[in-house]
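Take a look at the structure below.
Where a number appears in this text, it was derived from the coordinates with a stated rule and is not lab data. This one's a predicted model, so the numbers in the text were calculated from it and none came from an experiment. With ideal geometry, Cβ positions are generated from the backbone for all residues, glycine too; neighbour counts draw on all protein chains shown.
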């Protein structure tokens, strides 16, 4: 059955993301908040996350480009990014944010840049993973709705 | 993996949460109707905290600022539980908690933050919170808190 295959494919993908450390149990809790009343829930959550993350990354880019780095603001944005990435279960991105916060609290310039590069990389991986999951969910729900109408 | 909770209702019936997420959650039944206020300026965190609590049967309202939380309490609203972020714009979490406690609110107040530091812990507890946790909300710690509040009513 196509529906079962897609569901299995999605489960396998999520399992693999867990194994790679991209997602953790907080993601499972978010996924379980989906309900029949709002099939767009996951997409909306992931959009909110990406919006927050991209704003945070833009601010960090600005602060780290200054000739004199405002480490307090870098730390504050690392804090914010950690909060939002942990809320969607983005395990590796959370770790990268922790590194950035540590480096900025210690005012280590090179460490801050390296950690920020890691934050950006992990954000891209997480974003792509969440987008794939949201797209798969949408396809599954559309197919199920179509089958019910038949 | 679906989060689960132990059944907390020992009596005949109880207040069921507004829980339409049928198979994914064990229905939360509490002895009392429980209410919570979430205070977080981040939309993502605010929505997820609210939805997590609602999924476990707690009637939850969410606001963005400390000022909004203080205004709600000042207007007479009462909540069994308040979940409040440390870092809020203009009025900080600790300042909002101080004002809420000064009004005589006896809610169980749980402070939240992305990273707990010793200084933040001292400041927040001094302001009047009862518990302090790192985000995100995890049923492993918030369900026992809800159960404790339910048992105390």
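Points to keep in mind about this one:
- For the peptide B:46-54, the mean number of other protein chain Cβ atoms found within 10 angstrom of a residue's Cβ is 4.
- Peptide-level mean, for B:38-45, of C-beta atoms on other protein chains within 10 Å: 5
- Relative packing of B:84-91, B:126-133, which averages over residues the other C-beta atoms within 10 Å, highest first: B:84-91, B:126-133
- Inter-probe distance in nm under a simple model that places probes 7 Å from Cα toward Cβ, at residue A:110 and residue B:116: 3.5
- Mean partner shielding of peptide A:16-22, defined as the number of other chain Cβ atoms within 10 Å of each residue Cβ, is 0.
- Working ranking of peptides A:116-124, B:99-107 by packing, defined as the average number of other Cβ atoms within 10 Å per residue, highest first, is A:116-124, B:99-107.
- Packing, taken as the mean count of other beta carbons within 10 Å per residue, orders the peptides A:53-59, A:144-150, A:95-101, A:28-34 from highest to lowest as A:95-101, A:28-34, A:53-59, A:144-150.
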